Amino acid sequence: MGRKSALAGWLRGLDAQEIRGILALRKDAADRRPHSLPALADELTTTASVRAAVDGLDQACRDVLDTAVRLGDAAGVDALAERLRCNGKASRAELKRTLGQLRARALLWPAGDRLISSPGLRLLEDEPPRRITPAPRAPRVGVRNRGSADRAATAAATSTVDGVTRLVELCDVELVACRTGVGLRELRRVAGVLCADEALARLWVELAVEARLLAVDDGRLVPTSRSDGWRAEPPADRLAALADAWPRMTWTPGRQRSAAEASADAGDRTRRGVLEQYARLGEDEAYEHRDEVVADLVWTRPAVHGRAATEAALVEAESVGLVASGAATALGRAVLAGEAGSVADRFVPPAATTAHLRPDLTAVVAGLPCRELSAVLDLAADGSAGGWRFSGASVRRALDAGHEPDALLARLASVASHGVPATLERLVREVARQHGRITVTPVACCVRAEDPVLLREIAGHRSLAQLSLQPLGPTVLASAKPAPETLALLRAAGYAPTTSTAEGMPVVERVPRRRVEPPAVVRGTTGGWRRPLTGEELTKLALALVERERPRPKVVLSPVESRRMGTVRLLRDQSLVLRDSEVALLAEALVTRTSVEIAVANGPRSTVKHVITPVDHAAGNLKANCAPRGEHREFLVGHIRSVRAVTSV
């Protein structure tokens, strides 16, 4: 007998309560609504169901199950105890506990003195376990002031919102390569631009991709159409979107290669497991040692929680503001409940509308800037983690985009909490004075200037040798490179050229902005199309499965009843006109020799009624005695149109 048949046979020996326990622990099989215990055995032994059941085991249960699979037909309680060196009382008790857990999940069940393991099981460990891995010390819990975790998480949550915002803005103006993920070198470059470490930059990339703010397009990260609306939202709404995205990220925490592309890892289960562990605490409780929490998770669900990945997931949770000071924050609990938006405003300050423009040519914002403030500062300053910094190149960028110096200073003054400092105004005026003294006209191409001395200086500049500049006149130089390359090289050399059309009309440069549609949301398929069974439905299903396997009493029909049922079947096959009740009445008359009134077809539209006492039935003919004379006649059953009971002949 195969192991699947052995499982079905073992299930038949269980009561409804035990079957319900198995269904509750193996809900993936229960949700398919098996119609019998053999069908339940089929569901319990599918590859996906066995894998899901094994993934829910603690390390001790995995040790026992792996040893049982290695022993095969020789598996038994004594053999397991000997192989795993269960010599003491405590180890014997642990073996008994693990066997109970495996039996409750229908992964290992008794058959006499043997233990049979579920078909489809594979070895769980590379090396055979030498003993049952003992459970680590339970994480110690201390008392914390209610709300202290929320206060401690504010800085981290604000930093994450700011970092992802700056990352999206960076991808809007610079090429961030991403083919099979963001490579390590590119990740280091992005981290340097954003003034963050590599791990934090990787987290920001993955949060932005999971929240559908960035997408991979033509080998680079590009903002999606969704990102514009997200950047315009208040900081609290931006944080809620990122917090909701974090438990859905499937890439393994702590991996060196960023997984901006689709991933089949189980990182989402690792992250959710960490958050659920902390959410089990009371609101005024906190874990004292994070190492104990990690060790407990690794032992409780080793298939989901590796030590390195769990530690990295915990660091991520703290960076997003879901965990702080050894406890789950209100935001972390809200994420598990799907209500992050209801508490996010407690973790980030309102968006700032003004900035402090300082004499050292920097701009500092208290908190997160609103989109309008960011847009004004980005006109003429370069953003960084510490704020913004004005320089000649950044001011020149604003003038290249068509902004007049007076208008630019007016816009800066509109967002300056303490006015525009004199040093910044002088910088803008100086860059504006030099701006446009040189123009590049696309002929292929010409460099023009009103100052012949300036043109001679440019023609002799060493860094511009590759342009092969040749004088065409006192105020015109011919370049061997196209206009865009000539502009770039002149600006790199420290000049501030502008561009114009062939007719000499100035051209305002606009930075092209790319947008892609966010990828479609991929829904999980593990739950199937049916809703999960409730506890009451599990009980009803268990009772129905057990009741269906219960032996039924055999019904023995009397000879008369057996003959009546056979006659009914024959008459039903031979007549397409009579109703079921008329067929039963005619069969009763034939068996009991009682009289009935029949109407027999006589031509296409008429019938003749006869009161008969049937005496025999063969080959579609009904033999009967007709009243009142008792003459013997035969009638075709197919010609009988109706049958009625009579009280007397």
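The values are calculated or read from the model by the stated rules, or taken from the named source; none is laboratory data. Owing to the predicted nature of the structure, the values given are computational and were not obtained by experimental measurement. Virtual Cβ from ideal backbone geometry, glycine too; neighbours counted across all protein chains shown.
A quick yes/no check of all residues on (1) modelled with pLDDT of 70 or more; (2) within 46 Å of the chain's Cα centre (by Cα):
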residue	(1), (2)
477	yes, no
489	yes, no
494	yes, no
501	no, no
511	no, yes
529	no, yes
534	yes, yes
563	yes, no
571	yes, no
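Six or more apart or on different chains, Cβ atoms under 7 Å: show the pairs whose first residue is in segment 319-332 and more than 10 Å from residue 150 (Cβ to Cβ) and whose second is of a type in the set (Val, Ile, Thr).
Partner pairs satisfying both residue conditions: 319/160; 320/160; 322/329; 322/335; 323/329.
Among the residues of segment 575-600, how many are β-branched (Val, Ile, Thr), under 14 Å from residue 645 (Cβ atoms) and surrounded by 17 or more Cβ atoms within 10 Å (Cβ to Cβ)?
Quick first cut of segment 575-600, residues β-branched (Val, Ile, Thr) only: 577, 583, 591-592, 594, 596, 598, 600.
Next, only the ones that are under 14 Å from residue 645 (Cβ atoms) stay: 583, 592, 594, 596, 598.
Next, from what is left, pick out any that are surrounded by 17 or more Cβ atoms within 10 Å (Cβ to Cβ): 583, 596, 598.
Qualifying residue count, segment 575-600: 3.
Residues of segment 379-410 being part of a loop (DSSP other than H, G, I, E, B) and farther than 20 Å from residue 498 by Cβ, which ones?
385, 386
When the residues of segment 129-185 are narrowed to those that are of a type in the set (Gly, Ala, Ser) and part of a strand (DSSP E or B), which ends up modelled with the highest pLDDT?
For segment 129-185, the residue satisfying everything is 142.
Listed here are the residues, each with its yes/no results for (1) outside the structural domain of residue 316 (by TED's automatic domain parsing); (2) touching a helix residue (DSSP H, G or I) at 6+ places or on another chain (Cβ under 7 Å); (3) among the acidic types (Asp, Glu); (4) surrounded by 15 or more Cβ atoms within 10 Å (Cβ to Cβ).
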{"position": "60", "(1), (2), (3), (4)": "yes, yes, no, yes"}
{"position": "63", "(1), (2), (3), (4)": "yes, no, yes, yes"}
{"position": "80", "(1), (2), (3), (4)": "yes, yes, no, yes"}
{"position": "98", "(1), (2), (3), (4)": "yes, yes, no, yes"}
{"position": "106", "(1), (2), (3), (4)": "yes, yes, no, yes"}
{"position": "112", "(1), (2), (3), (4)": "yes, no, no, no"}
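Run residue 40 past the list (1) more than 29 Å from the chain's Cα centre (by Cα); (2) outside any loop (DSSP other than H, G, I, E, B); (3) among the aliphatic types (A, V, I, L, M) and report the number of the one that doesn't hold.
(1)
Only residues in segment 411-430 that are assigned to a loop (DSSP other than H, G, I, E, B) count as the first member; pair them with residues that are of a type in the set (D, E, K, R), Cβ under 8 angstrom, at least 6 apart or cross-chain, and list the lot.
Listed by first residue and then by second, the contacts come to 421/358.
May I ask you to verify whether residue 335 is closer than 17 Å to residue 161 by Cβ, in a helix (DSSP H, G or I) and in contact with a Pro (Cβ under 7 Å, 6 or more places away or on another chain)? It would help to see each step written out before you state the result.
Values: closer than 17 Å to residue 161 by Cβ: yes; in a helix (DSSP H, G or I): yes; in contact with a Pro (Cβ under 7 Å, 6 or more places away or on another chain): yes.
Spelling it out, residue 335 is indeed closer than 17 Å to residue 161 by Cβ, in a helix (DSSP H, G or I) and in contact with a Pro (Cβ under 7 Å, 6 or more places away or on another chain).
May I ask you to verify whether residue 391 is among the polar types (S, T, N, Q) and crowded, with 19+ Cβ neighbours inside 10 Å? Quick ask: steps written out before the conclusion?
Numbers: among the polar types (S, T, N, Q): yes; crowded, with 19+ Cβ neighbours inside 10 Å: no.
No.
Since residue 132 meets every condition but one in (1) crowded, with 17+ Cβ neighbours inside 10 Å; (2) under 25 Å from residue 5 (Cβ atoms), which condition does it not meet?
Looking at each condition in turn, residue 132 falls short on (2).
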